[in-house]
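The values are calculated or read from the model by the stated rules, or taken from the named source; none is laboratory data. The model shown is predicted, which means the values in this text are computed figures rather than measured ones. Cβ placement follows ideal geometry from the backbone for every residue including glycine, while neighbour counts extend to all protein chains displayed. For the accessible areas, the whole protein counts, side chains as well, though only heavy atoms, and no ligand, DNA or RNA atoms are used. Shrake-Rupley method; radii C 1.70, N 1.55, O 1.52, S 1.80 Å.
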Amino acid sequence: MSKKNRRYFYLIGGIILFFLIFGLAIIWPYGEESTKVEEIEEVDNSPVIEEPKFFHPLTGEVVSEENKIVPVSAIIDNIEYSHPLSGLEKASIVYEAPVEGNITRFLAIFDDSDLPSKIGPIRSARPYFIDFSEEYGGIFIHAGGSPEALSRLNNTSLYNLDEFKYGNYFYRDISREAPYNLYITGSSIKKFIKDFNVPLNFSVAFSPWQYKEEEKNWPYHGPEIKINFKKEIVWRYNNDGQFYEREGGNFKTKNLIILETDIESIDELDRRFIRTEGSGRAFFLEKGKAFMGLWKKEAGRIKFYDEEGKEVSLLPGNTWIEIVYPGGGSLSL
């Protein structure tokens, strides 16, 4: 090949190589951009389905699944000889009301799936404790009762677990003096549920109270609450723990309710009549705050309302209800 032809050959080859490289330089970034566009288009626009929330019927706390429980009510003593008490700290709801001599007893409401190992001392029933228990249904645990209470229990829908009739489910602690030594275990209650095929449901009258989401770190110290039973009861707000605690006992509650109603002595033994129907004044204490409203029994269930008539929403957690005569409690700032 002559020098002239070689130069011509090299010139043509260089021109071809130039256009080849220049073309690739132009095409390459467009290829990248095209890939990115395709990735952006791959977006999942399907609707987000939220998991359903379930709430415990006795406490309003969020639970993993819908609760099917047997409500368990127990009468627990509060005279000084009966202390220390067992199991009360695990109750979802506690009613405290006076009996003879203005000494108090407790009606503790438990969830059968979360029973304490030991409950007591178990004592005798009174009609007003039956009234409160019938709002829930399930099992009513006691050891005998006043004549009126025993007559009522002959015509109740409650499963009547009376120590006088079913003593094999109870035991006595021989290290303590009778009658302040009668107890029942969580396993004995479960055995009774199985033996008598107690259904997993509430009474027809039951409907849960309303609950609301709790505000965290509420910086409030609140009033001291004093209640005038035979032995004065004092509740104080614990701002660090965000609960009320009872003086002289290991008891705490998220919701404290003072329920005023008519209370009268009706016989020579000083047994009490306590009105559980109709309505009355109530004080509500939560997170150190106090406000007034009313209680009202509707369709067999006590509900709580503020002064405007709107149903009160409680905090998730346990509730303690003090039953007093008008003026029987005080709030000390």
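When residues of region 61-79 are filtered for being open to solvent by 10 Å² or more (accessible area, probe 1.4 Å) and farther than 23 Å from A97 by Cα, how many remain?
Looking only at region 61-79, we keep the residues that are open to solvent by 10 Å² or more (accessible area, probe 1.4 Å), and these are 61-68, 78-79.
Within this subset, residues satisfying the condition of being farther than 23 Å from A97 by Cα are 61-68.
Number satisfying all stated conditions: 8.
Within the bounds of region 302-317, is there any residue that is surrounded by 16 or more Cβ atoms within 10 Å (Cβ to Cβ), β-branched (V, I, T) and part of a strand (DSSP E or B)? Looking through region 302-317, at least one residue is surrounded by 16 or more Cβ atoms within 10 Å (Cβ to Cβ), β-branched (V, I, T) and part of a strand (DSSP E or B). Identify all residues within region 165-179 that are touching a residue at least 12 places away in the same chain (Cβ under 8 Å) and assigned to a strand (DSSP E or B); write none if there are none. Of everything in region 165-179, those that are touching a residue at least 12 places away in the same chain (Cβ under 8 Å) and assigned to a strand (DSSP E or B) turn out to be F170, Y171.
The condition (being open to solvent by 10 Å² or more (accessible area, probe 1.4 Å), within 23 Å of D195 (Cα to Cα) and in contact (Cβ under 8 Å) with a residue 60 or more places away in the chain) is satisfied by just one residue among D162, D112, D131: D112.
For region 187-204, state whether one or more residues are assigned to a strand (DSSP E or B) and either at pLDDT 95 or above or among the acidic types (D, E) (or both).
As a first pass, look at region 187-204 and keep what is assigned to a strand (DSSP E or B): none.
No; the residues of region 187-204 include none that is assigned to a strand (DSSP E or B) and either at pLDDT 95 or above or among the acidic types (D, E) (or both).
Scanning region 229-252 for residues that are under 14 Å from T104 (Cβ atoms), open to solvent by 30 Å² or more (accessible area, probe 1.4 Å) and in contact with a strand residue (DSSP E or B) (Cβ under 7 Å, 6 or more places away or on another chain) returns a single hit, E232.
Against the numbered list (1) over 20 Å from the mean Cα position of the chain (by Cα); (2) touching a residue at least 40 places away in the same chain (Cβ under 8 Å), F251 comes up short only at (1). The set of residues in region 278-299 being over 21 Å from I225 (Cβ atoms) and free of Cβ contacts under 8 Å to residues at least 40 places away in the same chain consists of G278, S279, K296, K297, E298. Among the residues of region 103-136, those identified as part of a helix (DSSP H, G or I) and out of contact with any Ser or Thr (no Cβ under 9 Å at 6 or more places or on another chain) are D112, S113. Among the residues of region 165-201, just one is open to solvent by 40 Å² or more (accessible area, probe 1.4 Å), hydrophobic (A, V, I, L, M, F, W, C) and under 21 Å from K90 (Cβ atoms), namely L200. Here is a check on your reading of the model: is D270 surrounded by fewer than 15 Cβ atoms within 10 Å (Cβ to Cβ) and in contact with an Asp or Glu (Cβ under 6 Å, 6 or more places away or on another chain)? Criteria met by D270. Any idea which of (1) assigned to a loop (DSSP other than H, G, I, E, B); (2) open to solvent by 60 Å² or more (accessible area, probe 1.4 Å); (3) free of Cβ contacts under 8 Å to residues at least 12 places away in the same chain is the one P208 doesn't satisfy? In the conditions (1) assigned to a loop (DSSP other than H, G, I, E, B); (2) open to solvent by 60 Å² or more (accessible area, probe 1.4 Å); (3) free of Cβ contacts under 8 Å to residues at least 12 places away in the same chain, P208 misses (3) alone. Listed conditions (1) within 17 Å of E214 (Cβ to Cβ); (2) outside any strand (DSSP E or B); (3) open to solvent by 40 Å² or more (accessible area, probe 1.4 Å) are all met by F291, apart from (2). Looking at region 137-157, which of the residues that are part of a helix (DSSP H, G or I) and in contact with a Pro (Cβ under 7 Å, 6 or more places away or on another chain) is farthest from I93 (Cα to Cα)? Filtering region 137-157 for residues that are part of a helix (DSSP H, G or I) and in contact with a Pro (Cβ under 7 Å, 6 or more places away or on another chain), the one farthest from I93 (Cα to Cα) comes out as E148.
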